[in-house]
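Each remark here refers to the structure printed beneath this line.
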Protein chains: 2
Amino acid sequence: MLNQWKEAERPQEEDLVARLKAAREKLEDQQLKIKEHKLPVLVLVEGWGTAGKGHLIGQMIRNIDPRFFKVVSMQAPTEEEKRRPFLYRHFANIPEAGKFCFLDSGWMNDIMRGRFYDGMDDQEYADRIESVKRFERQLTDNGYLVVKLFLHIGKKEQEKRINRLLLEKDTRWRVGKRDHWQNAHYDFCREAFDSYLKETNMPSAPWYIIDAKSKKWTELQALEILTEGIEVALSNNAMAVPILQNVFPMEKMPLLSEIELDKRLDEATYKSQLKRLQKRLGELHNRLYRKKVPVIIAYEGWDAAGKGGNIKRITGALDPRGYEVHPIASPEPHEKARHYLWRFWTRLPKTGHIAIFDRTWYGRVMVERLEGFCSENDWKRAYNEINEFEKELCDWGAVVIKFWVQINKETQLERFTYRQNTLEKRWKITEEDWRNREKWDLYEEAVDEMIQKTSTAYAPWHILESVDKRYARIKALQIVIEELEKVL
Amino acid sequence: MLNQWKEAERPQEEDLVARLKAAREKLEDQQLKIKEHKLPVLVLVEGWGTAGKGHLIGQMIRNIDPRFFKVVSMQAPTEEEKRRPFLYRHFANIPEAGKFCFLDSGWMNDIMRGRFYDGMDDQEYADRIESVKRFERQLTDNGYLVVKLFLHIGKKEQEKRINRLLLEKDTRWRVGKRDHWQNAHYDFCREAFDSYLKETNMPSAPWYIIDAKSKKWTELQALEILTEGIEVALSNNAMAVPILQNVFPMEKMPLLSEIELDKRLDEATYKSQLKRLQKRLGELHNRLYRKKVPVIIAYEGWDAAGKGGNIKRITGALDPRGYEVHPIASPEPHEKARHYLWRFWTRLPKTGHIAIFDRTWYGRVMVERLEGFCSENDWKRAYNEINEFEKELCDWGAVVIKFWVQINKETQLERFTYRQNTLEKRWKITEEDWRNREKWDLYEEAVDEMIQKTSTAYAPWHILESVDKRYARIKALQIVIEELEKVL
């Protein structure tokens, strides 16, 4: 792309000023339409050192009300951020529906930094590219406008800017040693940038290269591209996109109706096993903390299946400084305004920590599907999106354990009735639980499809037969221990 | 893709039969919806030799009324086809709106054949991949559903099939030496297929790999993918897509208002030059015929600017067996039902021939834009689509010469009036010409934008100042000669 690219001729000053005025006004107009259409707009500004990324963003936001945008200036990842998956901080920064987010460099810069300075090898680079393509596709598929700008300057121009900045004490600090390095290895960097731009130039999130030789001209190009992109995006409503074929290896799983629920444990066996297993899990927790292995345990299951009690038996074995339980209810407004995986990305554990989710991202293909909270295209796409999400986690080195806590309809009725009739349990049962129960068959169908389509080899579902809760608890502990032993 | 791919488990016979019945009925239902929504559906079936591509298509079309589909079984290109650009025969086969086209292998197979047997080198391969991505993107951007299926079988299975076919005299002919070669070099071919699938796996036209071990199971997978794709496509109306940045090198061009129209030639100079230049052009025509250089000359210009007379002075010098003039009027219904470039792709000359277009594919960004025959997103996208089209032609080795025949408003009025008042010229002037004249300023704006955005270095516009038609004719001849001399 960069190699083919030829700069457009800068218009005459008078023309430039007129077009700039028009573009600024257009963006100002569009901010309210974006709000109204709930369009999230992500503007990624990448480019050469000293190309003026920060200045450009400063200019663009002057035309937007502060309530409608945020700016993120991305530095090298902190030690804290390095303990999360590569995409973590980028996913965390996606804008809400109806708002802009301007990124002063982002994932491209992260990858280039790895490539230039941190010895990222070819395989890791190829994996990163794959992650980025999936990430951007997940955003555009879910209705995000992703505008990617690359600010381009020549070698001489860069050298001139570096020297000018060095002249003044007030600006000297803005030149880093990496700007020098880039300029000294200009051709090498251009090749690397060019490959990256080519490999990530998707039709739904294409790259735009901007001639960044002069500030006003840079702003004009950026504003014209941005406002045109917004115009296109505003003209589309709830676009459906192709459902991709699964590319991940899958495990064979039973249907819910094939699961035998008569498994039991007597009290004595339960107690002795519980003690032994919790002791073992405690030891492993220590080791994974030291070896910095992140662990994610996901619980899904019928209402009253015994998820809460099961989780307690896991956490009972853990050092409280090393784990967190995330109970997942309906999304808050600020969560609903973003990609549905956002609230899970932002709750990921650090390396060496355990995150337990009491209900999960699978809500998309259960309750959201059945209650019509998302479109058919949305939930059908979600199986792959979720598999991709969990793939990112596993590639990062996480152990991902997913439990489906299974009971039958009769057991649920018994437990609902018991709760209803027992004063201190009554808060646990609501009208909604009874309504959901009426949709048992529809849920069963959705759960079956979910388990079939998301039991990847790297993150399969585990069924916990929980008519006897003791049996389910011991089984859960055994599975967690087994999975951790594999990596420790 | 192939390397990662793991076959889905074939359902139990009973389940398979039920799902197959449902899928067939669904496709049968959908054919009328496709008709109604004017959705063009292109189903590309690629895969291993003996994987059953033909059989699969035979099964799929059983559920569709013959009025709604065609099947194209693509052989190696004929000598005639080899004298056209690579994409020619593929573009020619795209379906009309509301209909299916099933391709028994297509451009993937062409490229793989080149790679395996015809010594296609890395650079040519990379160019082909780029062409294919552009081609498929142009289709999906213009509302086509493109479903790409790859039928996959293992090495042993292929060997078994080849041997079985060889057993019977009736089937022996179906095994070609390339099937043997493929099987003997199975791993090598799988790698090549895998790269191709990966490189052309675009979100809007993704690949689906099909486990082709058994016939009914193959059909079920294909039908389920196809019907799901149709469902998604039917749910979208006139989708707007991002306008891509120009990646082609451009020539600096004047605005129409900057062109000086006072250039003249006296009769004597005109006559002597005409004679000399036509003689020279005749010689060059001979040479390009022998050297098999294809030439495309495109004429656009104001009504009554003198296009017809200008073209006559070119063709006057040419051997009639070596050129064709294509007058372009409004599209016929069968042309309107396809991608707007289809009627130009199918009119391309053979190598060694000249095609002259009296009005062209630029109608998209002039009359179609101004009369609202296409959407704003359509014509804004068209500059790049046209540049890509002409790039294909130039990469194929064609000389592309584009003329804008320029006059001013006063000259047009004179000529209109003369035509109106001269009996034998009156047929040349219609009400529509007068109406178009009223929109002169809007047209001028559109023409300026067109010339600025499509004067690529490989196919720039040439302005013919035609207030004096003699001057314009001589200039056209000079330019054609000059361009041909560059390559001969």
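Given axes a ≥ b ≥ c from the Cα gyration tensor, I'd like to know whether the stretch A:13-234 is rounded (a/c under 1.5), prolate (a/b larger than b/c) or oblate. Oblate, because a/c is 1.5 or more while a/b does not exceed b/c. Annotation: amide H-H contacts under 5 Å for B:Trp207 (H modelled 1.01 Å from N, sequence separation of 5 or more, or interchain): B:Met202.
Comment: the Cα-to-Cβ extended label point of A:Cys394, at 7 Å, lies 4.7 nm from its counterparts in the other copies, nearest first. Of all DSSP beta bridges confined to the protein assembly as shown, the antiparallel ones make up roughly 5%. Taking amide H as placed 1.01 Å from N in the peptide plane, the amide H of A:Asp468 sits under 5 Å from none that are at least 5 places away or on another chain. With both residues required to sit in the stretch A:258-487, DSSP beta bridges show an antiparallel share near 5%. Here the calculated FRET efficiency for B:Glu9 and B:Asp266, from their Cβ-Cβ distance with R0 = 60 Å, stands at 0.10, rounded to the nearest 0.05. Taking all Cα pairs closer than 8 Å and separated by 6 or more residues, the relative contact order of chain B comes to 19 percent. Average projection, convex hull of the Cα set of the stretch B:363-488: 9.2 square nanometres.
With Cα atoms defining each centre, the stretch A:12-42 and the stretch B:428-453 are spaced 29 Å apart in the structure. Closest approach of any chain A Cβ to the axis that rotates A onto B belongs to A:Met239, 3, distance given in whole Å. Between B:Lys439 and B:Asn163, the contour length at 0.36 nm per residue exceeds the Cα-Cα span by 92.4 nm.
For the stretch A:185-195, putting each phi into the Karplus relation 6.51 cos²θ - 1.76 cosθ + 1.60 with θ = phi - 60° gives couplings of 10, 4, 5, 4, 5, 4, 4, 5, 4, 4, 4 Hz, in residue order, rounded to whole numbers and with x for Gly and Pro. Scalar couplings 3J(HN,Hα) for the stretch A:62-74, obtained by applying the Karplus form with A = 6.51, B = -1.76, C = 1.60 to θ = phi - 60°, are 4, 9, 10, 5, x, 6, 9, 8, 9, 10, 10, 9, 8 Hz; x denotes Gly and Pro. Pairs to check: B:Lys271/B:Lys312; B:Lys350/B:Lys486; A:Lys198/B:Lys252; B:Lys271/B:Lys428. Give those whose C-alpha atoms are more than 24 Å from each other in this structure. Among B:Lys271/B:Lys312; B:Lys350/B:Lys486; A:Lys198/B:Lys252; B:Lys271/B:Lys428, the Cα-Cα distance tops 24 Å for A:Lys198/B:Lys252; B:Lys271/B:Lys428. Taking the Cα centre of chain B as reference, the dipole from Cβ charges on Lys and Arg (+1) and Asp and Glu (-1) amounts to some 1780 debye. In order along the stretch B:216-225, phi translates into HN-Hα couplings of 5, 5, 4, 4, 4, 4, 4, 5, 5, 5 Hz, rounded to whole numbers, per the Karplus curve 6.51 cos²θ - 1.76 cosθ + 1.60 with θ = phi - 60° and x for Gly and Pro. Peptides B:463-469, A:250-256 ranked from most to least packed, by the mean per-residue count of other Cβ atoms within 10 Å: B:463-469, A:250-256. Each Lys or Arg adds one and each Asp or Glu takes one away; over the other residues whose Cβ falls under 11 Å from the Cβ of A:Lys35, this sums to +1. Each copy carries B:Glu335; placing its label point 7 Å along the C-beta direction from Cα gives inter-copy distances of 5.8 nm, listed from smallest up. For the pair the stretch B:141-216 and the stretch B:392-422, the centres of their Cα atoms are 50 angstrom apart.
Amide H contacts of B:Val72 (H built 1.01 Å from N, in plane; Pro and chain starts excluded): B:Phe102, B:Leu103, B:Asp104 sit under 5 Å, all sequence-distant by 5 or more or on other chains. Please work out whether the stretch B:256-487 counts as rounded, prolate or oblate from its C-alpha gyration tensor, where a ≥ b ≥ c are the square roots of the eigenvalues and a/c under 1.5 means rounded, while otherwise a/b larger than b/c means prolate and anything else oblate? Verdict is oblate for the stretch B:256-487. Which angle from 0 to 90°, rounded to the nearest 10, does the C-alpha axis of helix B:155-167 make with the longest principal axis of chain B? Around 90 degrees separate the two axes. Shown for the stretch B:130-190: lysine pairs separated by 8 or more places, or found on different chains, whose C-alpha atoms are under 24 Å apart, numbering 8. The fewest-to-most ranking of B:His285, A:His185 by surrounding Cβ atoms within 10 Å reads A:His185, B:His285. Helical content alone sets the calculated 222 nm signal of chain B at -16000 deg cm²/dmol, taking -39,500 (n - 2.57) per DSSP H segment of four or more residues and averaging over every residue.
Tell me, in nm to one decimal, what length is gained between A:Ser330 and A:Glu28 on full extension, where the rule is 0.36 nm per residue of separation less the Cα-Cα distance?
Full extension from A:Ser330 to A:Glu28 adds 105.3 nm.
With its label point defined 7 Å out from Cα along the Cα-to-Cβ axis, A:Ile479 lies at 7.3 nm from the matching points of the other copies, in increasing order.
Comparing Cα centroids, the stretch B:49-112 and the stretch A:251-278 end up 55 angstrom apart.
All of the numbers you see were taken from the coordinates with simple rules; none came from a lab. Just so it is clear, the model here is predicted, and its values are computed rather than measured. When we count neighbours, we look across all protein chains shown, and the Cβ atoms used for this are built from the backbone with ideal geometry, even at glycine.
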